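Notes to accompany the following structure.
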Amino acid sequence: NAGVTQTPKFQVLKTGQSMTLQCAQDMNHEYMSWYRQDPGMGLRLIHYSVGAGITDQGEVPNGYNVSRSTTEDFPLRLLSAAPSQTSVYFCASSYLHPPLGIDSPLHFGNGTRLTVT
Amino acid sequence: AQSVTQLGSHVSVSEGALVLLRCNYSSSVPPYLFWYVQYPNQGLQLLLKYTTGATLVKGINGFEAEFKKSETSFHLTKPSAHMSDAAEYFCAVRLNYGGSQGNLIFGKGTKLSVKP
């Protein structure tokens, strides 16, 4: 059981470049989300999805796009990278609906460390 | 809006001493509460959770936390610290109602150091 898989582990971009961070889960979770982690800021929610075809914005969505065409995959796109997007990005998933989703914790990937120069 | 406050961005204890990491939340209804641990260069791992029922919950690695509704707190404790407990700890509240159901709101984290 692979859990939540994120690729790549590391990435360096130049300002203005675009890229996609990949996230896949094999647990048939309805809920998937992207967080960014910055020192002293904790984790902040970028976008989330409660099922295939349904996405919504979190706390810090500007500069990012997401889509959810399948239950398993939830890619995060940086449209035009900026130095302020230098961060560690985490994808997380969980059950959402009863009965399994009532108290289901989030399962996290190992993160993507992104540097924008 | 729900929020989570972790008191102390850094906590240092001696090996064998009590670990106490503080977490307070604001919520108009009882939330689901979680503690996660993050070791260097890794993702977050669930330590324990409170949803309903017994207010004292036990987690992995000897940690436990008590939900106190009157104090809106969910402090994490461990009777005796071990060197391997050195990590960053995050308290989180999960929204269990409304349009943002499922989203986790995190505190800013507490980095625990353990001195030999």
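The values are calculated or read from the model by the stated rules, or taken from the named source; none is laboratory data. Predicted model, so just to flag it, every value in this text is computed and none were measured. Cβ coordinates were reconstructed from backbone atoms using ideal geometry, including for glycine residues, and neighbour counts include every protein chain displayed.
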For residue A:69, state whether it is over 20 Å from residue A:105 (Cα atoms), among the polar types (S, T, N, Q), free of Cβ contacts under 8 Å to residues at least 24 places away in the same chain and more than 10 Å from chain B (Cβ to nearest Cβ).
yes
Residue set A:52, A:92, A:24, A:2; condition surrounded by fewer than 22 Cβ atoms within 10 Å (Cβ to Cβ), under 12 Å from the mean Cα position of the chain (by Cα) and of a type in the set (Gly, Ala, Ser); output residue A:24
Taking only region A:22-58 into account, find how many residues are away from chain B (no Cβ under 14 Å) and assigned to a strand (DSSP E or B).
2
Are any residues in region A:95-109 of a type outside the set (Gly, Ala, Ser) and surrounded by 16 or more Cβ atoms within 10 Å (Cβ to Cβ), and if so, which ones?
A:95, A:96, A:103, A:105, A:106, A:107, A:108
So which residues in region B:44-56 are in a strand (DSSP E or B), of a type in the set (A, V, I, L, M) and either within 11 Å of the chain's Cα centre (by Cα) or surrounded by fewer than 19 Cβ atoms within 10 Å (Cβ to Cβ) (or both)?
B:46, B:47, B:48, B:56
Is there a residue in region B:81-104 that is out of contact with any strand residue (DSSP E or B) (no Cβ under 8 Å at 6 or more places or on another chain), in contact (Cβ under 8 Å) with a residue 40 or more places away in the chain, farther than 12 Å from residue B:34 by Cα and surrounded by fewer than 18 Cβ atoms within 10 Å (Cβ to Cβ)?
yes
If I ask for residues that are surrounded by fewer than 20 Cβ atoms within 10 Å (Cβ to Cβ) and either assigned to a strand (DSSP E or B) or modelled with pLDDT under 95 (or both), which ones from region A:59-87 would you list?
A:59, A:64, A:65, A:73, A:77, A:79
